[in-house]
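Q: Encoded as C-alpha cells, here's the structure I'll be asking about.
The values are calculated or read from the model by the stated rules, or taken from the named source; none is laboratory data. Note that the structure is predicted; figures quoted are calculated from it, not measured. Glycine also receives a Cβ, built like all others from the backbone with ideal geometry; neighbour counts cover every protein chain displayed.
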Amino acid sequence: MERIAVVGVAQTPYERRKREQTYYDMVYDVTRRALEDAGYSLDDIDNVITISNDFWDGRTISSMAVQEAAGAHDKNVSTVEGDGTFGAFYGAMRVLAGFRTTLVVAHSKGSEGDPRFITNGMFDPIYHRPLGIDAIASAALQASAYMSRFGATEEQFALVSVKNHGNAKRNPHAQLPMDLTVEDVMRSRKIADPLKLLDCSPVSDGAAALVIASESAAKRARTRPVWIKGIAHCAEAYFLGDRDLANPLALKEAARKAYGMAGITDPRKEIHVVELYDAFSYMEPLWLEGMGFCEAGQGVRITEMGTTAMGGEMPVNPSGGVLSAHPVMVAGLARIIEAVLQLRGEAGARQVEGARTALAHGINGPCGQSHCVWILGGE
Amino acid sequence: MEDWLKDVKPLTVKGQIAMPYTWSVGETGSSFLVALRDQTKILASRCDACGTVYVPPRKNCPKCFTDIQGSMEVGPEGTVEAFTIVRQGHPLHPAKAPFAYVLVRLDGSDVGFLHIVRDDWDKLAVGCRVKALFRAQRTGHILDIDTFQVI
Amino acid sequence: MCVDLGRGVRDIMARRVAIVGTGQTHHRSQRRDVNGREMIREAVMRALEDCELTIRDIDAIVIGNMDHFESINYVDTWSIEGSGGYMRPIMKVTTGGTTGTTVAIAGYYHVASGLFDRVLAIGWEKNSESDTTGAIITCSDPIWDRFSYSGAIPSLATEATAYMAQYGATQEDAARVAVRERTHAANNPYAHLTRPITIKDVMESPMLSYPIKLLDVCPRTDGACAVVFAAEGVAEKICPKPAWVRACSVRHSYTWFGDVDYDIGLLSLERASREAYREAGIRSPADDFDVAELYLPYSFAGLKWIEVLGFCKPGEGPRFVWDGHTDMGGKIPMNPSGGVMSTNCIGATGLLRVAEAAIQIMGKAQKRQVPDAKTALATGFGGCWWSDVVILSAQKP
C-alpha cells in the first residue's frame, strides 16, 4: 500500500443537545478547523466524503444537508452511510486511487430523534422489528451470551465504565466525564439486564472531520503526518441468532487483515494505545479479545489487572471512548482522530507517553456485526 | 453583526416521518408465516452444502450463498442461548416491561430464534427449556407466536 | 461558461479498472414473490454467472439504495444473505437519485485503490414497499423547503417551463424523447415498461405538474442491478472484452432548492462531464461516443441535458432528437435500454446506466446492441440537481 497519512483533524465538543447549531453549522465548523489544522486551504482538498444516516437525520438523502458546508462545491464528492471508520476507509481508497487529498466529515444529532425507533429500524421488518428490539436490548443479549460463555460478571463490566468515564475527565471534547465507582454503576437504573444506565453510552450531538493525504501532499501540510499502516473491515451474519454473539468473527478477520497490512505480528507488544468502539461496557473486553490482545474470555481479566488503564501497559480509550460520548456515525471517526492526536503527541492530559503505533476501531450494524480496524503509525 | 445573535433563543420545529410500508415477505418467508397461522408449526430449512438448519427458513444459505430447497418443522420447544429482561418500557414493545427477549435454539435447528417471554421471565436462565405458545387468533405474523414459556 | 479545472495531476497512479460482468433482475412494478435480500441476490447471481465467478472470488462489496423507500436502517449489514457479504468487507453508499452511479464509482475506487481485485457493486430498490413521493419529500430541509416546494416533479417542471420559454421548445418535442425511450425498451428483456407509445399517447396522458404529464416521467420499479469491477491483470483473464473505466466525475452542487438557477444549463452535469471528458480525451461528444446511457428522469431532460453534455448547441436539442440522431441506428444512440423512463428502481437506476453502457462495450447487448460500440457515456442524476458521469471504453486507458 502506498504511504498515505492523516494530516488534519477537528472535532466539536460532544453534547447531549446542541441547540445553537444545525448539521450544516457543525459540519462547516469542523471542516474549517480540520483545514486550519492541516494548514490547507479549500483548494488543497481534491474530494470530499461525507458520512451521515437518513434515519438519524430524519431526512432522505441526508448528505444533501451538508454538501456545501463540507466544502464539496464543485468537487468530486460521495457519501458513506455507516460509521466514520468506514467512511474514512473510502476516503483512504480515493487517495490511494489518485486524489491527493480527501476530506472526510461526519455529523450526527442524536438529540433530534428517538434512538429506540431509529435503532429498531436496523432489524428485519418481518421477523424482528415487530418484537420492538433495539440497539440496547440486542446488546443486552450479546452481553448475556458473553457472560454465560466465560463467566464474566456485571462488576467486571462496570470497571470499564469507571475507567472510561474517568479518562473522559482529561478529554475536553467528551460529553460525560465522571468520577464513578463500581457501586455507582451497579446501582444505576436497569435498562435491559445486564445493562444498566452506566453500562450504556449516551446518545450525543457532534461532528468530526479529518483530512487524508498522499505522501507528497502531506509534505505541504502543517502537521506531522500520521501514517495509515493498515485498514480493513469485515461483516458477519445478519440475524442475531445466526451468529455466535460471544465470538466476534468479523472483528478477528478485520484485525487479522489490518495487522497483516501493517506488519504487526504481536499486537499486545506492538500497539501502544487503542481507541475502540465501546458503545456498551461489555464491548470493550469482548473487542479486545477479538483484536487478539488476550485469549477469549480474558478481556475482563486484563481490565481488572489494570493493563488497559492510563499508565497501564496498553491504555485503551484514553479519550473516554464511546461510553463518554456517542455521536452515532461520528464516533468511529473520533476514535481515529484520538489515535492521531496520540501519535502526534498532541493529546494533552490524556497523552499516552511514547505512543508510536495506535489502533482505532469502529462498528456498524447490531452488536458489532461489522467492524473496521485502523492501524496508524507515527513513523 | 454578532451582537443581536446573543439574545436569540434557538427554536425547534417538530415533525415526523410517518409513512406506511408494505414489505414483501417473499415466498419462503410466506410459507413460514402461513405455517404459523394455519398449522401452529414452526418451519425451518436446511442448507445441503453445510448442513445448517435455519429458522426462519431461508431461500439461500447466508454462508454458502447457494439455493436452499424444501423445509422441515422445528421446535416448538428449545433451549435458551441468551436472554435479557427489559426493564424500561417503550411504545415499540409488544409487551409491558418487565418482559424478556430470548434467543432460543429450537429443537432441530442450528441457529437461535429471536422472540419474547412475557410472563415467567424471572425463571429464565441460559440453558433452560422453553416452549412456543401460539395465539388463538393468528394472522400470519411473527407474533402469532404470542410468547415463549419456561417449561 | 466552461471552466478548465486542470485537476489532472495525480501523485499515486491508480490501477486501471474494468467492468467484467453485470446482472439485473427483470424489473417490475411489484416483486411480491421475493423480499429485498432475495431480489438483490437474483442480480448478484446473474452478475457472477455473467463473468463466471463465484461469490468466493469477490473481495469486497458496495451497496446502495435510498433508505426511506424500504425503511431499512444499515442496509449493508441487513443485506448479507442477499449481497453475499458474509465474512466479507461491505459498505453502504447513498446519494439520492445518483445512488446507482455513486455505487459504481465506489466500486471503481475500491479496485483502483489497489486494496481489492474483484469488487461487487449492487444497486437496488423495492419501490412497491412505500409511498415514493412521501419518502422523497423528506429529502428537503424540514424547516425551509419541505412544506413549500418538494417532491421530485415540481422542480423538474420548473426547469421544463424555463427551457420552453427560453428556446420555444414544445411539449411535443419532449414527447418525442418519451417515445424513443419506450421504443428502445422493447428491445430490452429486463425493462419494466415496454409497451410502445405515440406522441399522441404522451400528449393525452394526465397532467401531473405543467408541463409534465404521466408519460413524460419515470415509473417506480422493484429491481436490482449488480456489476463486477476488476483490476488490470485480473480483468483480462475474466472477460474477453472488459469495459475499462476511463473517467468518473461527480458534482453534487445544490443544497437548497431555491438556489437553483433555471436559466442556465444543469451546472452539475456540465462540470462533471467536462472534467470526465478531459480525463478521457473526449473532444466532440457526438462523434467520440458510440452510445450513451443517460439518466433522464423525464422527457424534457432528453432535450436540454444533451445540450449541456455538448452533443449539440443550446436550444438545438429538439432538432437533434427529431433528426433521429439519438435513435438506434442514429449517430449517437441514446438509452438503447429504454432508460430511466422505462425502468426506475431508484437505487439501481444509476447503476443500470453504467451496466448498460458496459453491456454495449462487452458486446452482450443482443437486440439492443449498438454495433461496434467502443466508447460509452453513462450519467446519473438525482436530488438536488446532482450529476455523476462515467465514461467506459473498450480500450484500456
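Q: Can residue C:73 be described as within 11 Å of another protein chain (Cβ to nearest Cβ) and under 16 Å from residue C:224 (Cα atoms)? I'd like the intermediate steps shown before the answer.
A: Working: within 11 Å of another protein chain (Cβ to nearest Cβ): yes; under 16 Å from residue C:224 (Cα atoms): no.
Considered against the rule, which asks whether it is within 11 Å of another protein chain (Cβ to nearest Cβ) and under 16 Å from residue C:224 (Cα atoms), residue C:73 comes out as no.
Q: While we're looking at this one, here's another question. Return yes when residue C:98 is closer than 29 Å to residue B:16 by Cβ and surrounded by 24 or more Cβ atoms within 10 Å (Cβ to Cβ) and no when it is not.
A: On the way: closer than 29 Å to residue B:16 by Cβ: yes; surrounded by 24 or more Cβ atoms within 10 Å (Cβ to Cβ): yes.
Considered against the rule, which asks whether it is closer than 29 Å to residue B:16 by Cβ and surrounded by 24 or more Cβ atoms within 10 Å (Cβ to Cβ), residue C:98 comes out as yes.
Q: Quick check on the range C:95-115. Is at least one of its residues among the hydrophobic types (A, V, I, L, M, F, W, C) and farther than 30 Å from residue A:215 by Cα? Lay out the reasoning, then the answer.
A: Quick first cut of the range C:95-115, residues among the hydrophobic types (A, V, I, L, M, F, W, C) only: C:103-106, C:111-112, C:115.
Adding the requirement that they be farther than 30 Å from residue A:215 by Cα leaves none.
No, that holds for no residue.
Q: With a cut-off of at least 2 residues that are under 26 Å from residue A:301 (Cα atoms) and in contact (Cβ under 8 Å) with a residue 12 or more places away in the chain, name the strands (runs of 3 or more DSSP E) lying wholly within the range A:158-272. Reasoning before the result, please.
A: Working: elements: A:190-192, A:205-214, A:226-235.
Counting at least 2 such residues, we get A:190-192.
Q: For the range B:62-121, enumerate the residues that are assigned to a strand (DSSP E or B), of a type in the set (Phe, Trp, Tyr) and more than 8 Å from chain A (Cβ to nearest Cβ).
A: First, pick out the residues of the range B:62-121 that are assigned to a strand (DSSP E or B): B:67, B:72-74, B:77-86, B:99-106, B:113-117.
Now restrict to residues that are of a type in the set (Phe, Trp, Tyr): B:83, B:99, B:101, B:113.
Within the range B:62-121, just B:99 meets the criteria.
Q: Residue check: is residue C:81 assigned to a helix (DSSP H, G or I) and facing chain A (nearest Cβ under 9 Å)? So that I can check it myself, show each step before the final result.
A: Values: assigned to a helix (DSSP H, G or I): yes; facing chain A (nearest Cβ under 9 Å): yes.
So residue C:81 fits the description; yes.
Q: Could I ask something else about it? In the range B:16-32, is there at least one residue being touching a helix residue (DSSP H, G or I) at 6+ places or on another chain (Cβ under 7 Å), under 15 Å from residue B:144 (Cα atoms) and surrounded by 10 or more Cβ atoms within 10 Å (Cβ to Cβ)? Walk me through it before giving the result.
A: To start, the set of residues in the range B:16-32 that are touching a helix residue (DSSP H, G or I) at 6+ places or on another chain (Cβ under 7 Å) comprises B:17, B:19, B:21-26.
Narrowing the set further to residues that are under 15 Å from residue B:144 (Cα atoms) leaves none.
The answer is no; no qualifying residue exists.
Q: Consider residue C:160 carefully, then state whether it is buried (at least 16 other Cβ atoms within 10 Å of the Cβ), assigned to a loop (DSSP other than H, G, I, E, B) and either touching a strand residue (DSSP E or B) at 6+ places or on another chain (Cβ under 9 Å) or modelled with pLDDT of 95 or more (or both). I'd like the intermediate steps shown before the answer.
A: On the way: buried (at least 16 other Cβ atoms within 10 Å of the Cβ): yes; assigned to a loop (DSSP other than H, G, I, E, B): no; either touching a strand residue (DSSP E or B) at 6+ places or on another chain (Cβ under 9 Å) or modelled with pLDDT of 95 or more (or both): yes.
Against the criterion (buried (at least 16 other Cβ atoms within 10 Å of the Cβ), assigned to a loop (DSSP other than H, G, I, E, B) and either touching a strand residue (DSSP E or B) at 6+ places or on another chain (Cβ under 9 Å) or modelled with pLDDT of 95 or more (or both)), residue C:160 does not qualify.
Q: I want to confirm something. Restricting to the range C:169-184 and keeping residues that are more than 21 Å from the chain's Cα centre (by Cα) and touching a residue at least 40 places away in the same chain (Cβ under 8 Å), which single residue is nearest to residue C:302 (Cα to Cα)?
A: Kept after step one, since they are more than 21 Å from the chain's Cα centre (by Cα), are these residues of the range C:169-184: C:169-173.
Then keep just the ones that are touching a residue at least 40 places away in the same chain (Cβ under 8 Å); that gives C:169-171, C:173.
Details: C:169: 12, C:170: 13, C:171: 12, C:173: 9 Å.
Selected residue: C:173.
Q: When the range A:138-149 is examined, which residues are found to be more than 17 Å from residue A:242 (Cα to Cα) and within 7 Å of another protein chain (Cβ to nearest Cβ)?
A: Correct list: A:148 only.
Q: May I ask you to list the residues in the range C:221-278 that are surrounded by fewer than 24 Cβ atoms within 10 Å (Cβ to Cβ), among the aliphatic types (A, V, I, L, M) and modelled with pLDDT of 95 or more?
A: Correct list: C:231, C:234, C:238, C:247, C:276.
Q: Among the residues of the range A:112-134, what is the count of those that are closer than 30 Å to residue A:21 by Cα and either in contact with a Pro (Cβ under 6 Å, 6 or more places away or on another chain) or away from chain B (no Cβ under 12 Å) (or both)?
A: 1
Q: Which one of C:62, C:119, C:111 is within 11 Å of chain A (Cβ to nearest Cβ), part of a helix (DSSP H, G or I), closer than 30 Å to residue A:67 by Cα and touching a residue at least 60 places away in the same chain (Cβ under 8 Å)?
A: Details: C:62 fails: part of a helix (DSSP H, G or I); C:119 fails: part of a helix (DSSP H, G or I).
Of the residues listed, the single one that is within 11 Å of chain A (Cβ to nearest Cβ), part of a helix (DSSP H, G or I), closer than 30 Å to residue A:67 by Cα and touching a residue at least 60 places away in the same chain (Cβ under 8 Å) is C:111.
Q: Show the residue pairs meeting these rules: Cβ distance below 6 Å; 6+ apart or different chains; first residue within the range A:64-79 and under 20 Å from residue C:100 (Cα atoms) and facing chain C (nearest Cβ under 7 Å); second residue assigned to a loop (DSSP other than H, G, I, E, B) and not polar (S, T, N, Q).
A: Going by the 6 Å Cβ cut-off, the qualifying pairs are A:64/C:384; A:67/C:252; A:77/C:252.
Q: Out of all the residues in the range B:132-143, is one or more within 14 Å of chain A (Cβ to nearest Cβ) and aromatic (Phe, Trp, Tyr)? Steps first, please.
A: Step one: filter the range B:132-143 for residues within 14 Å of chain A (Cβ to nearest Cβ), giving B:132, B:135, B:138-143.
Then drop every residue that is not aromatic (Phe, Trp, Tyr), which leaves none.
No, because not a single residue in the range B:132-143 is within 14 Å of chain A (Cβ to nearest Cβ) and aromatic (Phe, Trp, Tyr).
Listed here are the residues, each with its yes/no results for (1) more than 13 Å from chain A (Cβ to nearest Cβ); (2) within 19 Å of the chain's Cα centre (by Cα); (3) hydrophobic (A, V, I, L, M, F, W, C); (4) farther than 22 Å from residue C:26 by Cβ.
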residue: C:130; (1), (2), (3), (4): no, no, no, no
residue: C:140; (1), (2), (3), (4): no, no, no, yes
residue: C:161; (1), (2), (3), (4): yes, no, no, yes
residue: C:194; (1), (2), (3), (4): yes, yes, no, no
residue: C:199; (1), (2), (3), (4): yes, no, yes, yes
residue: C:204; (1), (2), (3), (4): yes, no, no, yes
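Q: Residue B:41 passes all but one of (1) touching a strand residue (DSSP E or B) at 6+ places or on another chain (Cβ under 7 Å); (2) over 26 Å from residue B:131 (Cα atoms); which number fails?
A: Against the list (1) touching a strand residue (DSSP E or B) at 6+ places or on another chain (Cβ under 7 Å); (2) over 26 Å from residue B:131 (Cα atoms), residue B:41 comes up short only on (2).
Q: Does the range B:42-61 include one or more residues that are more than 9 Å from chain A (Cβ to nearest Cβ), part of a loop (DSSP other than H, G, I, E, B) and on the phi > 0 side of the Ramachandran plot?
A: yes
Q: Can I ask one more? Taking the criterion of being at pLDDT 95 or above, surrounded by fewer than 23 Cβ atoms within 10 Å (Cβ to Cβ) and among the basic types (Lys, Arg), would at least one residue in the range A:120-137 satisfy it?
A: Yes, that holds for at least one residue.
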